[in-house]
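Trainee: Okay, handing you the structure first.
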Amino acid sequence: MHFYRPSEGHRLPHDPFNSIIAPRPIGWIGSHDANGRRNLAPYSFFTALNYRPPLIGFSSNGWKGSVANCEATGEFTWNLVTRGLAEQMNATSTTADVDEFEASGLEEAASQVVGAPRVAASPVNFECRVAQIVQLTDVAGDAVGSWFVVGEVVGVHIDESLLVEGIFDTAAADPAMRAGGPTAYFGISADQRFDLTRPK
């Protein structure tokens, strides 16, 4: 077994942490600032947090535009990244001061409940209101320079072609997910599915 203490370094060519916690759904976050200027950015530290109310969260390494916009407006959208949108998603990871919708050639779709923009080409969008913005700390209580944004999902858009007898078809949505290393992504397929029933 390769053992290391993260505080002392991993002694490997690339930090394995992101590879082990993988694949991860991508938090493709649409937001706007107080003046209505749009922002679209992908976050690989993203997950669902709660059923009712439905809560999702993404973590930002540094105080970036998405976090600042969430604080300023109290809202954001999450947009499903499909394999077909992966290259455009990657284009929105730029650190340049640009409108990522324009830079990536993506069209905006208006939200119904919040003012934050949605990605029109994405087959699933969540409209969210900010519930919490938490600065993360280490075990000693010292701030680590990352912020965790929690949003309550207040509106859901689903392409009806992905609803099979009322059940969302995850494989048909063809989600792109972040994996380890600097470039790796993964998809899923129906032949990888297996079913388990929870014990009573």
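The values are calculated or read from the model by the stated rules, or taken from the named source; none is laboratory data. This structure is a prediction, so every number in the text was calculated from the model and none was measured. Here Cβ is always computed from backbone atoms with ideal geometry, including for glycine, and neighbour counts include all displayed protein chains.
Trainee: Quick check on Ala103: is it more than 16 Å from Ala131 (Cα to Cα), not acidic (Asp, Glu) and not in a strand (DSSP E or B)?
Mentor: For Ala103, the condition - more than 16 Å from Ala131 (Cα to Cα), not acidic (Asp, Glu) and not in a strand (DSSP E or B) - is met.
Trainee: Same structure again: Can you go through Ser60, Ser31 and tell me which one is in contact with a Phe, Trp or Tyr (Cβ under 6 Å, 6 or more places away or on another chain), more than 23 Å from His157 (Cα to Cα) and not in a loop (DSSP other than H, G, I, E, B)?
Mentor: After applying the criteria, what remains is Ser60.
Trainee: Would you confirm, using the coordinates I've provided, whether Val154 is at pLDDT 95 or above, within 17 Å of the chain's Cα centre (by Cα) and either crowded, with 17+ Cβ neighbours inside 10 Å or of a type outside the set (S, T, N, Q) (or both)?
Mentor: When the stated conditions are applied, Val154 passes them.
Trainee: So Glu127 fits all but one of (1) free of Cβ contacts under 8 Å to residues at least 12 places away in the same chain; (2) of a type in the set (Asp, Glu); (3) within 18 Å of Asp33 (Cβ to Cβ); what number is the exception?
Mentor: Going through the list (1) free of Cβ contacts under 8 Å to residues at least 12 places away in the same chain; (2) of a type in the set (Asp, Glu); (3) within 18 Å of Asp33 (Cβ to Cβ), Glu127 breaks only (1).
Trainee: Modelled with pLDDT of 95 or more and β-branched (Val, Ile, Thr) - does that describe any residue in the range 20-42?
Mentor: Yes, the conditions are met somewhere in the range 20-42.
Trainee: Between a residue in the range 25-43 that is within 14 Å of Asn61 (Cα to Cα) and any residue that is surrounded by fewer than 17 Cβ atoms within 10 Å (Cβ to Cβ) and of a type in the set (A, V, I, L, M, F, W, C), which pairs come within a Cβ distance under 9 Å, given they are 6 or more apart or on different chains?
Mentor: none
Trainee: Restricting the search to the range 158-195, which residues are assigned to a loop (DSSP other than H, G, I, E, B) and surrounded by 10 or more Cβ atoms within 10 Å (Cβ to Cβ)?
Mentor: Hits for the range 158-195 are Asp159, Asp169, Asp174, Ala176, Ala179, Gly180, Gly181, Ala184, Gly187, Ile188.
Trainee: Could we say that Arg52 is without any contact (Cβ under 8 Å) to a residue 24 or more places away in the chain, among the basic types (Lys, Arg) and either surrounded by fewer than 17 Cβ atoms within 10 Å (Cβ to Cβ) or out of contact with any His (no Cβ under 6 Å at 6 or more places or on another chain) (or both) here?
Mentor: When the stated conditions are applied, Arg52 passes them.
Trainee: If you take the residues in the range 34-57 that are assigned to a loop (DSSP other than H, G, I, E, B) and of a type in the set (Gly, Ala, Ser), which one is nearest to Gly151 (Cα to Cα)?
Mentor: Here is the first cut: in the range 34-57, the residues assigned to a loop (DSSP other than H, G, I, E, B) are 34-37, 44-45, 51-54.
After this cut, where a residue has to be of a type in the set (Gly, Ala, Ser) as well, the list is 34, 36, 44.
Details: Ala34: 18, Gly36: 19, Ser44: 16 Å.
Checked the range 34-57; the qualifying residue nearest to Gly151 (Cα to Cα) is Ser44.
Trainee: Out of the residues in the range 120-146 that are of a type outside the set (Gly, Ala, Ser) and more than 24 Å from Gly62 (Cα to Cα), which is surrounded by the most Cβ atoms within 10 Å (Cβ to Cβ)?
Mentor: Of everything passing the filter in the range 120-146, Asn125 is surrounded by the most Cβ atoms within 10 Å (Cβ to Cβ).
Trainee: Take Phe186 and tell me if it is more than 21 Å from Gly57 (Cβ to Cβ) and aromatic (Phe, Trp, Tyr).
Mentor: In short, yes.
Trainee: Return the total of residues in the range 63-81 being outside any loop (DSSP other than H, G, I, E, B), crowded, with 19+ Cβ neighbours inside 10 Å and either of a type in the set (A, V, I, L, M) or in contact with a Pro (Cβ under 7 Å, 6 or more places away or on another chain) (or both).
Mentor: Summing the residues that are outside any loop (DSSP other than H, G, I, E, B), crowded, with 19+ Cβ neighbours inside 10 Å and either of a type in the set (A, V, I, L, M) or in contact with a Pro (Cβ under 7 Å, 6 or more places away or on another chain) (or both) in the range 63-81 gives 2.
Trainee: Can I ask one more? On the given criteria, is Val113 modelled with pLDDT of 95 or more, part of a loop (DSSP other than H, G, I, E, B), β-branched (Val, Ile, Thr) and surrounded by fewer than 20 Cβ atoms within 10 Å (Cβ to Cβ)?
Mentor: On the way: modelled with pLDDT of 95 or more: yes; part of a loop (DSSP other than H, G, I, E, B): yes; β-branched (Val, Ile, Thr): yes; surrounded by fewer than 20 Cβ atoms within 10 Å (Cβ to Cβ): yes.
Yes.
Trainee: Out of all the residues in the range 82-100, which are surrounded by 12 or more Cβ atoms within 10 Å (Cβ to Cβ), part of a loop (DSSP other than H, G, I, E, B) and touching a Lys or Arg at 6+ places or on another chain (Cβ under 9 Å)?
Mentor: Asp99
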